[in-house]
Amino acid sequence: MEVSRAMNVTVIGTGYVGLTTGAALAYLGHRVTCVDKDPAKLELLCRGKSPVHEQGLEELMSLAGRNLNFAHRIQEAVKDAEVILVAVGTPAKSNGEADTQYVEAAAREVAEGLKKGRLHCLAVKSTVPVGTNRRVSQVVRRVLEARGVGDKTTILVVSNPEFLREGRALHCTFYPDRIVVGAEQPEGVDMLRRLYQRILEQTFDPPPFLPRPEGYSLPPLVSTDPTSAEMIKYASNAFLALKISFINEIAGLCEKVGADVTEVARGMGLDPRIGSGFLAAGLGWGGSCFPKDTAALLAMAEEHAYTMPIVSASREVNSRQRYRIVEKLQETLKGVRGRVIGVLGLAFKPGTDDVRESPALDVVRILVERGAHVRVHDPVAMDNARRALEGLEVEFFRDPYALVSGAEALVLATEWPEYRHLDLARLAGTMCTPVLLDGRNLFDPEEARRAGWTYMGIGRWA
């Protein structure tokens, strides 16, 4: 197939999804305008700076050059857009349901700015409840009718869920497992196929810092109805959350019977029906997706008088995991009250500064509630963690070695690569009691013990 021409694209929202997607499409040759209403964020973006920590993103923004622009007003940005991607937040309501007010508000402003007599495609990338595509279509239609251009303007509303992994967002964008499009009309699928054609066919020159993986196969475009596309996103995240909770539950039993969960996970993962991904025992899952999406899935089920005990159990196991960590310290130290305890890692996962629903912060809060003196460190998430932990008596350290001086225990909470290369003997030598709780099974137990530590992992009996 001949490479399609460049398209005019507007991306609404400049968070992880919006900015990553916009920068990637601009690098591929499309003319992209990213819209955000936050003046401080826009000022940062116009200087070539990313408001989120994502490896390679600022470099990609620079490579995109004049193809990537930023704007404040949606109505102005969408006038000449062929494709509009909505990538705004959908925070959780008190009942767990995803709040779509920002998606609908963006759709209204889009409809207010569209030119009559043009064909546009509005793609919802935000993670939204089933039925949102129908509702957005109605919102857009009503605005167009109120403007008197309902029969003169064609807008195709499609679902285009994202499957990005923070810390690897650019990799997931350029080399995806699949691209999902849910549309009622085939023209909507065709427009997004054109938008993503160079990714689908891998006909672009990879960014210098992100080479194409060896053996990478062309990604499929999954064309389906909007409702199924919306459900694919929720079902995918729920299943991944289930895998993590499952191995954490197995880890608890491994400790009881004398097995090593890392060996168990390795043996399980070799079965292609299971796979090795998301089978690392630890503190559990967090971030902006799994907690919110599993809660939203349960809220949708409740709305339809349907129970989902497996998803519910995965959330319970995940919450319990934080307390199991603290209980291990309680038992080893004979109580944490008054103890000086260091925590390495605050982001919910390595490669990001995102601390939303971070297991590490939960552990910090529990320790503080139980009277411990807590010291913390993270390579990139310190500022976000300060805001999240405001009001708690927590000491922030820029140097891991200074953090452990005189401490009575150390918790590895986020598996940053930098921590793997720490001098364990040097760390242990400055501590009051060198107790290491390896919450991500990052370190070799025997190596840690030779360095002078009392070592505890997750699901490791020996």
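The values are calculated or read from the model by the stated rules, or taken from the named source; none is laboratory data. Just so it is clear, the model here is predicted, and its values are computed rather than measured. Cβ: placed from backbone, ideal geometry, glycine included. Neighbour counts: every protein chain shown. Just the protein is used for accessible areas: all its heavy atoms, side chains included, with ligands, DNA and RNA removed. Shrake-Rupley method; radii C 1.70, N 1.55, O 1.52, S 1.80 Å.
Overview of values
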| item | result |
| --- | --- |
| The stretch 212-247 - residue that is open to solvent by less than 20 Å² (accessible area, probe 1.4 Å) and over 30 Å from Q197 (Cα atoms) and, of those, nearest to the chain's Cα centre (by Cα) | A241 |
| Qualifying position, being in contact with a strand residue (DSSP E or B) (Cβ under 7 Å, 6 or more places away or on another chain) and open to solvent by 20 Å² or more (accessible area, probe 1.4 Å), among E187, E201 | E187 |
| Residue among G96, G22, G18 that alone is in contact (Cβ under 8 Å) with a residue 40 or more places away in the chain and under 30 Å from H304 (Cα atoms) | G96 |
| Residue among A407, A402 that is outside any loop (DSSP other than H, G, I, E, B) and out of contact with any helix residue (DSSP H, G or I) (no Cβ under 7 Å at 6 or more places or on another chain) | A402 |
| Members of the stretch 38-66 that are surrounded by 15 or more Cβ atoms within 10 Å (Cβ to Cβ) and of a type in the set (S, T, Y) | S50 |
| Residues located in the stretch 128-150, provided they are in a loop (DSSP other than H, G, I, E, B), in contact with an Asp or Glu (Cβ under 8 Å, 6 or more places away or on another chain) and open to solvent by 20 Å² or more (accessible area, probe 1.4 Å) | V130 |
| Filter result (more than 26 Å from the chain's Cα centre (by Cα) and open to solvent by 10 Å² or more (accessible area, probe 1.4 Å)) within the stretch 401-415 | Y401, A402, S405, G406, E408 |
| Unique residue being more than 28 Å from G15 (Cβ to Cβ), among the aliphatic types (A, V, I, L, M) and either assigned to a loop (DSSP other than H, G, I, E, B) or in contact with a strand residue (DSSP E or B) (Cβ under 6 Å, 6 or more places away or on another chain) (or both) when the list is V368, V326, V343, V376 | V368 |
| Members of the stretch 168-184 that are farther than 16 Å from N237 by Cβ and either acidic (D, E) or at pLDDT below 95 (or both) | E184 |
| Condition check for E390: exposed (fewer than 15 other Cβ atoms within 10 Å of the Cβ) and within 27 Å of W453 (Cα to Cα) | no |
| Those residues of the stretch 267-321 which are within 14 Å of L242 (Cβ to Cβ), acidic (D, E) and either in a loop (DSSP other than H, G, I, E, B) or open to solvent by 70 Å² or more (accessible area, probe 1.4 Å) (or both), in sequence order | E316 |
| Residues of the stretch 248-263 satisfying the condition of being assigned to a helix (DSSP H, G or I), loosely packed, with under 12 Cβ neighbours inside 10 Å and not aliphatic (A, V, I, L, M) | K256 |
| Per-region count, the stretch 67-126, residues of a type in the set (K, R) and either open to solvent by less than 10 Å² (accessible area, probe 1.4 Å) or closer than 17 Å to Y16 by Cα (or both) | 1 |
| Test: residue in the stretch 230-247 that is out of contact with any Cys (no Cβ under 9 Å at 6 or more places or on another chain) and farther than 26 Å from P129 by Cβ | yes |
| Single residue of V128, V32 found to be of a type outside the set (S, T, N, Q) and at pLDDT 95 or above | V32 |
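Condition check ((1) over 30 Å from G56 (Cα atoms); (2) in contact (Cβ under 8 Å) with a residue 12 or more places away in the chain) across all residues:
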{"position": "A385", "(1), (2)": "no, yes"}
{"position": "P400", "(1), (2)": "no, yes"}
{"position": "T414", "(1), (2)": "no, yes"}
{"position": "R440", "(1), (2)": "no, yes"}
{"position": "E446", "(1), (2)": "yes, no"}
{"position": "G459", "(1), (2)": "yes, yes"}
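Every residue, every condition in (1) of a type outside the set (A, V, I, L, M); (2) more than 16 Å from L210 (Cβ to Cβ); (3) in contact with a helix residue (DSSP H, G or I) (Cβ under 9 Å, 6 or more places away or on another chain), yes or no:
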residue: A6; (1), (2), (3): no, yes, yes
residue: V9; (1), (2), (3): no, yes, yes
residue: L25; (1), (2), (3): no, no, yes
residue: G29; (1), (2), (3): yes, yes, yes
residue: V32; (1), (2), (3): no, yes, yes
residue: E43; (1), (2), (3): yes, yes, no
residue: Q55; (1), (2), (3): yes, no, yes
residue: A64; (1), (2), (3): no, no, yes
